[in-house]
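Student: After the structure tokens below, expect a handful of questions from me.
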Ligand SMILES: Cc1ncc(C[n+]2csc(CCOP(=O)(O)OP(=O)(O)O)c2C)c(N)n1
Ligand code: SF4
């Protein structure tokens with residue numbers, strides 16, 4: 001395994017958002033590229049609106065990422081990006097959605113979410129290498145909110161930060177997703193990739 | 001074309017979840033019988049077996065609980081079938097009685113128990129280390145660390161079990177069950193028919209006179225299995241030097257990456273234990289000879305550490321052994337944690353990981369009952385009738401989330417099924433009304449025997465059975481009471497009301513918990529009675545309805561202009577579909593399942609057609 005430079009990608013989102021679908025797709029893409037890959041997921045109570053964390057590791061044996069170990073952080077929700085920042089290596093890369101999914105305590109007005117500015121400030125304190133994308137909007141533009149995650153993967157693929165390319169992702173989408181949803185996801189991938197240009 | 005997991009397609013590589021890899025390994029071994037009770041993190045293994053069962057060449061069942069699953073599996077292996085029984089770690093507590101004796105009788109057809117442990121309590125009430133059960137019973141243990149190993153070890157554990165007629169434990173942890181990695185397939189032979197039963201009472205009936213001999217035979221089997229561990233391809237020694245590291249389970253993966261990070265690969269001696277029990281002592285001694293220091297890397301209990309310490313002591317080895325003094329005995333490890341333990345033993349400076357600063361005190365996302373969950377209706381009505389005057393005896397399932405305010409309907413809980421029996425105990429000691437809640441799956445798991453006990457001992461208990469037609473918490477598996485499964489109608493449904501009647505309950509009522517008035521009325525009536533009373537709150541889980549029976553309600557709720565901004569809906573129901581929008585409440589139509597409970601609480605909420 002030591003001939004491949006290890007890359008650790010930490011992903012976080014909210015239950016029901018499709019974080020795990022995105023994780024599996026990214027893992028399949030890396031596998032198609034012929035690289036050693038492991039991924040992990042923790043989704044104890046995911047279907048009930050909890051946080052879902054997952055990992056994709058290239059050239060590593062372990063499926064887990066500890067604090068300060070991630071080269072890339074993908075946040076499918078801005079507050080979750082902020083919560084997961086300790087996993088990121090200082091100077092690492094962040095791709096995050098800029099659109100919130102409010103937790104119940106915020107929806108009921110008992111607590112408030114940090115503003116996008118606050119999230120950005122915290123991210124800036126760790127790295128200059130970050131990008132925020134309106135994932136749900138891009139998903140809707142592509143044809144389905146859930147495809148928003150794929151837009152974020154599109155931005156990652158276009159960035160060249162990992163061996164994953166936009167073409168390889170497109171191929172994995174065609175090979176692994178149900179025919180019905182392939183076009184929507186390809187569109188989302190493209191929209192996300194464009195954001196990175 | 002058969003499903004890739006079942007096909008004879010050697011050489012193909014597929015990306016699999018650890019639990020799917022276990023299924024494939026069993027298929028490659030020629031599995032004949034699979035039994036289980038679901039539980040995170042084990043569930044995707046039995047759920048995959050179930051989904052594929054129409055085309056699989058094995059028998060599969062969801063048993064009612066782990067003890068029954070192990071007994072059905074035990075009977076099958078006694079009758080010569082190659083058998084796999086799966087459960088989460090605490091399930092083994094339930095199954096421990098038959099398990100200990102199956103270790104005595106042996107398993108003629110071969111038998112593997114999948115014990116899915118959960119260090120870090122990601123989805124469990126404790127983080128017990130079931131490798132200790134394996135020692136208690138005398139079963140060999142395989143501990144995979146990758147998807148490929150999960151597949152290969154399942155296959156090889158089954159083969160070894162069959163060869164030695166010894167039950168074997170496949171012990172995983174959450175990270176292994178829920179990792180995904182490439183798996184190269186081997187052959188998937190036709191399993192054929194089970195050998196059948198050969199009568200031999202002195203071997204299979206553990207009366208004391210026979211048991212004494214069975215125990216000796218078990219010890220002999222363990223000696224033979226120790227020889228297997230000595231030559232197992234999963235046990236290897238690599239590297240060189242005076243510092244040794246022994247690791248088992250997922251810790252082997254952490255160790256591999258930690259050595260890479262520390263630049264110590266090849267510079268220390270590593271003892272990888274994939275088949276970790278019985279300890280291959282000759283191999284371990286060879287490994288330890290010439291070492292000055294030894295670090296043992298294993299999550300949870302110091303099981304290997306203690307065995308290696310004993311071995312060192314017996315052989316008067318002058319070696320300093322580290323383990324739980326450097327690494328925690330609770331929770332999960334990380335690569336960095338392992339790296340620093342290695343560095344400490346190697347006399348190198350610890351790495352300090354710089355990590356980015358997040359922010360404390362962010363709003364949390366505690367799990368909550370879904371929008372439209374019928375449990376919410378049952379709890380809401382219960383609070384309306386009993387408030388804080390009753391003691392709420394809870395149980396394990398989605399409805400445990402009724403613990404959270406504003407519903408606050410859980411005061412204590414021990415384990416699955418305890419709501420009924422511990423509820424009865426609390427009532428007799430406290431002299432207070434006890435309302436117990438139990439789900440349909442948990443009722444069949446271990447509520448029924450408690451209920452018979454309550455009737456027999458004249459407990460004073462109001463039991464609310466939350467029948468949502470499914471085992472929701474663990475992924476919507478079938479249970480005896482369900483009407484439908486992913487494969488179609490349940491042809492042999494066991495009726496909950498009749499079961500209660502059968503064990504002697506005289507007062508049984510049934511309501512739809514989403515009907516506030518009727519539920520309150522039923523609870524009021526039962527409140528005034530004494531003895532064992534049962535209320536069956538019957539309404540399908542909306543997620544189950546959508547996924548399994550493809551039904552959803554045609555209407556959604558909306559808030560009218562007249563909303564007074566008192567937010568009673570929000571404060572009393574905590575429904576995730578309702579939120580504050582300016583100075584009024586609003587309903588998120590995408591989340592609303594159309595249960596219409598909120599309409600019964602506020603006149604300013606109305607129904608409209610979805611879409
Ligand atoms: C001994 C044991 N086995 C399995 C589990 C895993 N588990 C947690 S909840 C649950 C089933 C809950 O089903 P049900 O009682 O129908 O309630 P629901 O989730 O549908 O509301 C299971 C199997 C456990 N916690 N303990
Ligand atoms: S999955 Fe079903 S039973 Fe569980 S909280 Fe959601 S609606 Fe309720």
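The values are calculated or read from the model by the stated rules, or taken from the named source; none is laboratory data. Computed from a predicted structure; not experimentally measured. Positions of Cβ are generated from backbone atoms using ideal geometry, with glycine treated the same way; all protein chains shown enter the neighbour counts.
Student: For region A:178-197, enumerate the residues that are outside any helix (DSSP H, G or I) and touching a helix residue (DSSP H, G or I) at 6+ places or on another chain (Cβ under 6 Å). Explain how you work it out, then say what you get.
Tutor: Step one: filter region A:178-197 for residues outside any helix (DSSP H, G or I), giving A:178, A:196-197.
If the condition is that a residue be outside any helix (DSSP H, G or I) and touching a helix residue (DSSP H, G or I) at 6+ places or on another chain (Cβ under 6 Å), then A:196 is the only one that fits.
Student: Give me a count of the residues in region A:157-173 that are part of a helix (DSSP H, G or I) and over 15 Å from residue A:21 (Cβ atoms).
Tutor: Residues that pass the stated criteria total 8.
Student: Given the residues B:184, B:165, which is the only one that is touching a strand residue (DSSP E or B) at 6+ places or on another chain (Cβ under 8 Å), assigned by TED's automatic domain parsing to the domain that holds residue B:20 and touching a residue at least 24 places away in the same chain (Cβ under 8 Å)? Spell out how you get there, then give the answer.
Tutor: Values: B:165 fails: touching a strand residue (DSSP E or B) at 6+ places or on another chain (Cβ under 8 Å).
The match here is B:184.
Student: Wholly within region A:26-143, which helices (runs of 4 or more DSSP H) include no fewer than the required count, namely at least 2 residues that are out of contact with any strand residue (DSSP E or B) (no Cβ under 9 Å at 6 or more places or on another chain), within 10 Å of chain B (Cβ to nearest Cβ) and surrounded by fewer than 21 Cβ atoms within 10 Å (Cβ to Cβ)?
Tutor: A:116-124
Student: Something else now. Which one of the conditions (1) at pLDDT 95 or above; (2) within 14 Å of chain A (Cβ to nearest Cβ); (3) crowded, with 24+ Cβ neighbours inside 10 Å; (4) farther than 15 Å from residue B:573 by Cβ does residue B:400 fail to meet, given that it meets all the rest?
Tutor: Against the list (1) at pLDDT 95 or above; (2) within 14 Å of chain A (Cβ to nearest Cβ); (3) crowded, with 24+ Cβ neighbours inside 10 Å; (4) farther than 15 Å from residue B:573 by Cβ, residue B:400 comes up short only on (3).
Student: I've got another one for you. When you scan region B:157-167, do you find a residue that is surrounded by 24 or more Cβ atoms within 10 Å (Cβ to Cβ), within 20 Å of the chain's Cα centre (by Cα) and within 30 Å of residue A:36 (Cα to Cα), even just one?
Tutor: no
Student: Something else about it: Condition test on residue B:99, is it under 21 Å from residue B:213 (Cβ atoms), more than 14 Å from every other protein chain (Cβ to nearest Cβ) and within 14 Å of ligand 1 (Cβ to nearest atom)? Show your work before the answer.
Tutor: Working: under 21 Å from residue B:213 (Cβ atoms): yes; more than 14 Å from every other protein chain (Cβ to nearest Cβ): yes; within 14 Å of ligand 1 (Cβ to nearest atom): yes.
So residue B:99 passes the test.
Student: So, one more: When only residues in region B:159-184 that are more than 10 Å from every other protein chain (Cβ to nearest Cβ) and in a strand (DSSP E or B) count, which is nearest to residue B:149 (Cα to Cα)?
Tutor: Ranking the qualifying residues of region B:159-184, first place goes to B:183.
Student: Would you say residue B:344 is in contact with a helix residue (DSSP H, G or I) (Cβ under 9 Å, 6 or more places away or on another chain) and away from ligand 1 (no atom under 16 Å from the Cβ)?
Tutor: no
Student: Quick one: in region B:343-392, of everything that is in a helix (DSSP H, G or I) and within 14 Å of chain A (Cβ to nearest Cβ), which residue is nearest to residue B:569 (Cα to Cα)?
Tutor: B:376
Student: Condition test on residue B:557, is it within 14 Å of chain A (Cβ to nearest Cβ) and touching a strand residue (DSSP E or B) at 6+ places or on another chain (Cβ under 7 Å)?
Tutor: So residue B:557 does not fit the description; no.
Let's see how each residue does on (1) part of a helix (DSSP H, G or I); (2) more than 14 Å from every other protein chain (Cβ to nearest Cβ); (3) out of contact with any helix residue (DSSP H, G or I) (no Cβ under 6 Å at 6 or more places or on another chain); (4) modelled with pLDDT of 95 or more:
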site	(1), (2), (3), (4)
B:226	yes, yes, yes, yes
B:229	yes, yes, yes, yes
B:240	no, yes, yes, yes
B:257	yes, no, no, yes
B:272	no, no, no, yes
B:283	yes, yes, no, yes
B:286	yes, yes, yes, yes
B:310	yes, yes, yes, yes
B:318	no, yes, yes, yes
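Student: Is one or more of the residues making up region B:57-72 without any contact (Cβ under 8 Å) to a residue 12 or more places away in the chain, surrounded by fewer than 23 Cβ atoms within 10 Å (Cβ to Cβ) and closer than 27 Å to residue B:106 by Cα?
Tutor: no
Student: If I ask for residues that are under 16 Å from the mean Cα position of the chain (by Cα) and modelled with pLDDT under 95, which ones from region A:25-45 would you list?
Tutor: A:41, A:42, A:43
Student: Only residues that are in contact with a helix residue (DSSP H, G or I) (Cβ under 9 Å, 6 or more places away or on another chain) and loosely packed, with under 11 Cβ neighbours inside 10 Å: list them for region B:177-201, please.
Tutor: If the condition is that a residue be in contact with a helix residue (DSSP H, G or I) (Cβ under 9 Å, 6 or more places away or on another chain) and loosely packed, with under 11 Cβ neighbours inside 10 Å, then B:201 is the only one that fits.
Student: Could you run through region B:368-384 and say how many residues are more than 15 Å from residue B:394 (Cβ to Cβ) and either away from ligand 1 (no atom under 12 Å from the Cβ) or at pLDDT below 95 (or both)?
Tutor: Result for region B:368-384: 8.
Student: Does any residue of region B:417-435 turn out to be at positive phi, modelled with pLDDT of 95 or more and within 13 Å of ligand 1 (Cβ to nearest atom)?
Tutor: So far as region B:417-435 goes, yes, one or more of its residues are at positive phi, modelled with pLDDT of 95 or more and within 13 Å of ligand 1 (Cβ to nearest atom).
Student: Another one. Considering only region B:363-382, state which residues are away from ligand 2 (no atom under 12 Å from the Cβ) and either under 21 Å from residue B:577 (Cα atoms) or outside the structural domain of residue B:514 (by TED's automatic domain parsing) (or both).
Tutor: Hits for region B:363-382 are B:363, B:364, B:365, B:366, B:380, B:381.
Student: What's the number of the condition residue A:11 fails, among (1) in contact with a strand residue (DSSP E or B) (Cβ under 7 Å, 6 or more places away or on another chain); (2) within 7 Å of chain B (Cβ to nearest Cβ)?
Tutor: (2)
Student: Next up: Filter region B:73-96 for residues that are in contact with a strand residue (DSSP E or B) (Cβ under 8 Å, 6 or more places away or on another chain) and more than 16 Å from ligand 1 (Cβ to nearest atom); which is nearest to the other protein chains (Cβ to nearest Cβ)?
Tutor: B:84
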